[in-house]
Amino acid sequence: MWFLLALAVGILFARAALPGIAPASDLWDYSQEARQIARGEGFTSLYTYPLFLDASSNAPFPVLWRMPLYAMLGAFLLKLGIALPAGFLYLGAFAHALLVALTYRLGARIHSSRAGSWAAACALACPLLLDFYNPGMSQAPATVLALLTWILLLGSAGVLSAVLAALAAAGAWYLRGESLLMVPIWLWVAARGSGGGVRRWGRAIGFGVLYVVLCIPWIIVSQRAHGGFSIQGNPMLLYTSQYPGYSSSRTLGAHLPGMLEYVSHSAGEFAIRYAKDIVGYVIDLLDGIGPVALGAAFAGIAVRGSLPSSSRLRTYAPLLLAIAVQILAMSALERGPRFLVPVLPLVLVLVGAAAAPVLDRLAKNRAMIALLLVVILERGARVLYQRTDALRRFLPVSARTASSVFDRARAWPRGGLVLSDAPDWIAWHLDRPALFLPLMWQVDSLSSARRIDAIWLSPVARDRNVADRDTAWVGRMDRNESLRGYRGPDLLPGGSRIYIREKGGQGTAP
């Protein structure tokens, strides 16, 4: 029942999200990577960042910021004749249905069917799961596999469950690299299973060995393909005074400090930002749970009048640890509510367990059904607000704007790069190499080393440059100034603009 209900809700969400995909959405990135795989180009991308650009980098570029499985799923959809990015949204609807059903299953396993139902109801229309700001991302499928891992390890103590759990955990890693954070906790859970000591440790060792065997091929392939593990970059530099916004990814040929170097040189700033992000993640989590669910949990704790039994607390301990680890780790790397998705079902299961005493009192009357409807409708209203807010904050590219870009792009020569603040949109729609817009002071050096065919600034380019404190780009856009070596800017419907390289021009900034 929960699966079918969540599937219907997920399909409605996918249909509502499709027209509003923002120009900088990762859905365009996943889509063009999937198309590259479907073409036989391997796990490559038609766009990259200045951070990764060197003399030997040519399109298609190696993907240095993602794991490969989600793009492979997209390529499979393309082979089936399913268009992207719509296919990713409907894949997300199916993942959402599985996620809600497995949330029910986990809640029923560790507490009761009523606790599982409450957790599933909270998940059904949760704005962190039905996220109009980041629709169709890989978090939901990865969370499905992570949930399956939890259920298998917390259930039977047999070797088969450990083998299946390792398969699911490895799948989650191939979707989202940060799922690695859960592996030590999963090993602990595997070793805590029932049975003799040797059997328990054998189960944990079997899980760990199979997980490593399944994951290590990608590390080897990635090392051979481009001399390093695929997930690179410096996400901990986002929104710092040294590299505000995404300016670290827009920097060409600069030395970016690693985590240890950054923390050692900017310990105070890191500590402040770290504490702020922890608080931010907790606020995001509470907002995702919602007042009705939180109220029922506190009411359940008051009705119980005491702490759960020691056996219950022992079962809850790994879930609590996993939630804490996810928040503490991601606060040091990158802030974003979508990074709470992997542990959100665990939180909702604990909320369901806390609310169970209240639910038990309502079990024999219609108030139970009414309360489930209240939490679903309250969360659904939050999701509807989110859709309106997302369309306001992240304006999609209109059909008129897209048509204008396509018409002009037909005359552009092939072989050069298109610079853009939304290069993944360009790479998908124009099927040509693109580069994330460099900082203005680096356009000159880039243009002397690379051929730039055009520059497309999306309708939200000004706001993105304000966030990156690139006042030079902001000033040029405000004054509608030209760039030496380029014609334009041509103002397009919807507020975007294009600079086109002049014949024989190097396209250097004055």
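The values are calculated or read from the model by the stated rules, or taken from the named source; none is laboratory data. Quick caveat, the model's predicted, so the values are computed rather than measured. Note that we place each Cβ from the backbone using ideal geometry, even for glycine, and neighbour counts take in every protein chain shown. Areas reflect the complete protein model, heavy atoms only, side chains present, ligands, DNA and RNA absent. Shrake-Rupley method; radii C 1.70, N 1.55, O 1.52, S 1.80 Å.
Quick rundown of the values:
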| read-out | value |
| --- | --- |
| Filter result (free of Cβ contacts under 8 Å to residues at least 40 places away in the same chain and either of a type outside the set (Phe, Trp, Tyr) or under 20 Å from Ile21 (Cα atoms) (or both)) within the stretch 59-100 | Met72, Leu80, Gly81, Ile82, Ala83, Gly87 |
| Condition check for Thr388: over 19 Å from Val189 (Cβ atoms), in contact (Cβ under 8 Å) with a residue 40 or more places away in the chain and among the hydroxyl-bearing types (Ser, Thr, Tyr) | no |
| Residue check, Ile376 closer than 30 Å to Gly245 by Cβ, open to solvent by less than 70 Å² (accessible area, probe 1.4 Å) and modelled with pLDDT of 85 or more | no |
| Test: Ile301 is under 25 Å from the mean Cα position of the chain (by Cα) and either of a type in the set (Val, Ile, Thr) or buried (at least 16 other Cβ atoms within 10 Å of the Cβ) (or both) | no |
| Enumeration of residues in the stretch 108-130 that are hydroxyl-bearing (Ser, Thr, Tyr) and either without any contact (Cβ under 8 Å) to a residue 40 or more places away in the chain or assigned to a loop (DSSP other than H, G, I, E, B) (or both) | Ser112, Ser113 |
| Flag for Arg105 being without any contact (Cβ under 8 Å) to a residue 60 or more places away in the chain, under 26 Å from Asp287 (Cβ atoms) and either among the aromatic types (Phe, Trp, Tyr) or assigned to a helix (DSSP H, G or I) (or both) | yes |
| Residues within the stretch 255-296 that are of a type in the set (S, T, N, Q) and part of a loop (DSSP other than H, G, I, E, B), tallied | 1 |
| Residue that is over 19 Å from Gly253 (Cα atoms), within 21 Å of the chain's Cα centre (by Cα), assigned to a helix (DSSP H, G or I) and hydrophobic (A, V, I, L, M, F, W, C), where the choices are Ala402, Ala390 | Ala390 |
| Flag if Ala370 is surrounded by fewer than 20 Cβ atoms within 10 Å (Cβ to Cβ), in contact with a Leu (Cβ under 9 Å, 6 or more places away or on another chain), modelled with pLDDT under 90 and under 30 Å from Arg304 (Cα atoms) | yes |
| Selection count, the stretch 254-311, where residues are aliphatic (A, V, I, L, M) and within 29 Å of Cys126 (Cα to Cα) | 18 |
| Helices (runs of 4 or more DSSP H) fully within the stretch 410-510 counting 1 or more residues that are without any contact (Cβ under 8 Å) to a residue 24 or more places away in the chain | 461-467, 471-479 |
| Some residue of the stretch 430-448 being under 30 Å from Ala86 (Cβ atoms), surrounded by 15 or more Cβ atoms within 10 Å (Cβ to Cβ) and among the polar types (S, T, N, Q) | no |
| Residue among Leu84, Leu106, Leu99, Leu128 that alone is within 14 Å of Ser31 (Cα to Cα) and open to solvent by less than 30 Å² (accessible area, probe 1.4 Å) | Leu84 |
| Filter result (open to solvent by 10 Å² or more (accessible area, probe 1.4 Å) and either in contact with a strand residue (DSSP E or B) (Cβ under 8 Å, 6 or more places away or on another chain) or of a type in the set (S, T, N, Q) (or both)) within the stretch 1-36 | Ser25 |
| Residue, modelled with the highest pLDDT, within the stretch 483-498, restricted to residues that are under 32 Å from the mean Cα position of the chain (by Cα) and not hydrophobic (A, V, I, L, M, F, W, C) | Arg497 |
